[in-house]
Structure formats: C-alpha cells, structure tokens
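Here is the structure we will look at.
Here, each number is a calculation from the coordinates, and none is a lab measurement. These numbers come from a predicted model, not from an experiment. Don't worry about glycine lacking a Cβ; one is built from the backbone with ideal geometry, like all the others, and counts go over all protein chains shown.
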Ligand code: KG4
Ligand code: ZN
C-alpha cells in the first residue's frame, strides 16, 4: 500500500482575520508548518465593531499576500527542521504564529509570488472555512480556496468554523504527555467567541451534537457591547477582562492589608455592590442568553449617569468601571460554569474543551477547569488552546481538515457551498 501524503493549505476569512496555514503529515501526525494571521482589529477599532463591508474589502486586499506568506513561512520552518519527534501529534510547539502587518507583506519583494506559486506544487489538499460567519468575509477566502483547488486540480475540504475552534484545543492534547494515554472521546466542547456560544457533544471525530447554544448575543459580543457602552475600546473582551482582574486584585489587596489572606472573604467583605443577573442559569436547558445581561449593564450605567449628573460615560470613575467589568464577568462565569457543570453530569465526558476567542480569558478558563475538577474524581481532561490559537486562525481549519481527509471526506471545488449559518452537525 502506498503511504498517503498530506500537505494542506488552509484558509480562514470568516470574520475579521485573514489567515492561512500549511499543515503536513509527518510520521503519521499532523504538523503545523505555518500559521499566518492578518488582523483587521485596528480598522474596526475606529468604528467600535466589525463593519461587514469593510471587513470583506480588507480580506480582498490581504488574501493573496497572506496565502503566499503562509506557503513561504512553511518552507522556511521546514528547512529549520523543527523537532517533530518530541511532540509528534498535532505539533504546534515550533509553530510561529505570525500576526502580520499587511503593509509589510504588501511591500514584500514581488518575487515572493512566483516562489509561493512554486511551493503550491507540494500541496495535496485545500481546506477552507465555509461557515458560519459574515457572508462577505467568508466568500473572499472561499473563492480564493476554490480557485486554487480548480487551477491545481486539488481536492478541497470545507470546514465549519466552530469545528475549527474545537480542533485548536485538540492541538493541546498532544502537548500533555500525562493525558495522551487517556481516552479523548466523548468530548464536551464549550465554544465561546464573538459570533458563537455553544456546547457541543462530540462522540468521535466528525460526530457532533449541539446540546445548547445562545438564543441571542454570543459571550464575546456581550463583552464587546459592554466595553462600547462604557466608552472603552474594541475588541471589548481583552479590555473588560483586564479591568475586571484589576478590580479583583485590588479588592483582595485591600482586604489583605487589614485581614487574613482569604480571597473568598475578601469578596464578601469588600462588598461587591454591583450584581448583575445570571440569565437562564436555572432553566434546565443548555442554552444561553446574554442580551439581557448587556441590557442590565446598560441600565446600571444610565442610573450612574443620572444619579451623578454625569453627561457622558467618560465621567464615570475608572474604579467604578472596573467594578462593573468584574460584576459582568462574574455573571458570565457563573452562567458558563453552571451550564457546563450540568452538561458534565449528564454526558460524563472524558474531555472538556473551552475554545473560541473568549477562551483567551484565563479567569473564565480557570473557573471552568475548576468546574471540571469537581466531577468524576477530577479525571476529566480540560483542554483550552494556546493563547495565539484562541482567536480565529487557519491552523485550526487545517487540523480539522486533516481528520476529514483521513476519513476520505474531501470534495471537488465544484461541489462545495458557503453557508453563513452553517450548523455543526455530523458528517
Ligand atoms: O473567535 P474570535 O476571534 O472570532 C469569532 O469567531 O467571533 O473571537 C473574538 C471574540 C471577541 O468578541 C473578543 O472580544 C473576544 O473574543 N475576546 C475575549 C477575550 N479575548 C478576546 N473575551 C473575553 N476575554 C478575553 N480575554
Ligand atoms: Zn471564531
């Protein structure tokens, strides 16, 4: 039997990052050779959120340079012979995640393009995010991928973006020698990003059941909206989580100066005056709703303005904004932990995954991990992606595609469709 050769070029453009990655099978394991991301954050910060038309135009500008850069970076990394033997499975140890400044790549010597085209000759499969996401953004990467598939006569693998986020956490499985001997499935995956909040039960590669999802705003969206209404920047997640952390640390410090070193008591005694609702926390389902929480924050802010005769949120003292951020994050954390805890009791997973842009939040990750440790004599393996793999990237799309390819689940360019509302279901 001839050995299967797999070298995937993966493309992701579902929202506001233009990303490309090359993944190669080495000794029967997928190895990430490059992971290039061109972020549009600066562009969208001006408007305090993603403007879909602006996003798709920016993808148009970035797509060719980013793909070329991914092909060239893969070749360079390969020449450096990363030590794939040490961490064989889903190796991201030597992975260089390059957040690239587009003006830099666009100014690159034009020689990169013929060189990149030559390197395309080694690619065996194309992978691309086909949904869910912003349609104008998806179409840019999708059509680029389709064109390469057509021109090079290569099979193509359309990937669901949520599946990609889940696989970004699986990359960590192989990094933990102590858990590799344990069973991976069934997996419960909590995927929390700017566009999605869902709990998925995964019984094997390609076998999915969505057991719960948000009925309105996603968690990341709620962070972004709360930051906006407090007059903070975009994206709101990292800003709000930093402010919340500051509040928690200062509350603890104040308490420590006068009392014993007990964090729990600190929270009680410093008197967290602001408490927001925990939407749907006890409704018996695994669904979420975060738009009411955002409205509760808005009402609080309006009251603060009225009570103090402030004309704008800029007059609200920083400490009070930090307290609002902490109270908001506590409500999010309680809801996520409660729903995950109940899902663990019902589905008894071997592994819990926390993935998506919001999984960059270490406070939430620690709380969710603690929730896993409560059950089943702490035997659940908790996986969350490396920080640079939490947000949108193409390596996660290539890693998902790798398992589709092993199952023979590949398509022809003429047979695939983009679907901005694509629900994650079994193959
Ligand atoms: O997965 P992602 O990059 O894009 C989508 O697929 O939506 O997620 C972006 C989201 C944004 O809403 C951002 O505010 C949020 O992830 N985010 C965070 C943190 N870092 C990014 N939310 C909470 N805490 C963070 N540290
Ligand atoms: Zn995402």
Next item on the list: Would you look at the GNM of the chain, springs on alpha carbons closer than 10 Å, and say which of 368, 318, 154 moves the most?
Entry: 318
Checklist line | Projected area, mean over directions - region 343-427, Cα convex hull, nm² | finding: 7.4 nm²
Notebook entry, point to check: Counting alpha carbon pairs within less than 8 Å and at least 6 residues apart, what relative contact order, in whole percent, applies to the chain?
Noted result: 23 percent
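Give the calculated FRET efficiency between residue 305 and residue 348 to the nearest 0.05, with a Förster radius of 56 Å applied to their Cβ-Cβ distance.
Given R0 = 56 Å and the Cβ-Cβ separation, E is 0.70.
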Next item on the list: Specify, per residue and in Å³, the volume enclosed by the convex hull of the alpha carbon atoms belonging to region 269-427.
Entry: 189 Å³
Item checked: Angle between the chain longest axis and helix 395-406 axis [Cα atoms, degrees, rounded to 10] -> 50 degrees
Checklist line | Separation between Cα centres of region 347-406 and region 274-328, rounded to whole Å | finding: 28 Å
Item checked: Surface/4 of the Cα convex hull for region 132-175, nm² -> 4.0 nm²
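What are the equivalent ellipsoid semi-axes of region 12-63, built from the alpha-carbon gyration tensor (square roots of five times its eigenvalues), in whole angstrom, biggest first?
Equivalent-ellipsoid dimensions as semi-axes: 30, 9, 8 Å.
Given a Förster distance of 56 angstrom, what is the FRET efficiency for residue 319 paired with residue 204, based on the Cβ-Cβ distance and rounded to 0.05? Don't jump to the answer; show the numbers that get you there.
Numbers: r = 50 Å, r/R0 = 0.89.
Calculated value: 0.65.
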Check: Given 10 Å bins starting at zero, what is the percent of C-alpha pairs of region 359-405 in each, up to the one with the largest pair distance?
Finding: 24, 37, 30, 9
Notebook entry, point to check: How much length, in nm to one decimal, is gained on full extension between residue 113 and residue 29, taken as 0.36 nm per residue of separation minus their Cα-Cα distance?
Noted result: 27.3 nm
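As a check on your grasp of the helix formula, calculate [θ] at 222 nm for the chain: sum -39500 (n - 2.57) over DSSP H runs of n ≥ 4, divide by the residue count, round to the nearest 500.
-15000 deg cm²/dmol
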Next item on the list: Please report, largest first and rounded to whole Å, the three semi-axes of the ellipsoid equivalent to region 304-359, where each semi-axis is the square root of five times an eigenvalue of the C-alpha gyration tensor.
Entry: 38, 12, 7
Check: Taking the chain as a Gaussian network, where each spring joins two C-alpha atoms under 10 Å apart, which residue of 297, 32, 313 fluctuates the most?
Finding: 313
Item checked: Relative packing of 16-27, 129-140, which averages over residues the other C-beta atoms within 10 Å, highest first -> 16-27, 129-140
Check: For the pair residue 45 and residue 273, what calculated FRET efficiency results from E = 1/(1 + (r/R0)^6), where r is the Cβ-Cβ distance and R0 = 30 Å, to the nearest 0.05?
Finding: 0.45
Margin query: Taking every DSSP beta bridge with both residues inside the chain, roughly what % is antiparallel (nearest 5)?
Written below: 55 percent
Notebook entry, point to check: Roughly what angle does helix 236-258 make with the longest principal axis of the chain, taking Cα atoms, 0 to 90 degrees, to the nearest 10?
Noted result: 40 degrees
Checklist line | Dmax and Rg, reported as Rg then Dmax, of the chain (C-alpha, Å) | finding: 22.4, 78
Margin query: From the Cα trace of region 276-332, what convex hull volume per residue do you get, rounded to a whole Å³?
Written below: 72 Å³
Item checked: In degrees, nearest ten, helix 219-229 long axis to first principal axis of the chain (Cα) -> 60 degrees
Note to self: Under 10 Å, Cα contacts only: if you run a Gaussian network model on the chain, which one of 228, 46, 203 comes out with the highest mean-square fluctuation?
What the structure shows: 46
Next item on the list: Could you work out how far apart the two model spin labels at residue 61 and residue 362 are, taking each label as a point 7 Å from the Cα in the direction of the beta carbon, and quote it in nm?
Entry: 3.4 nm
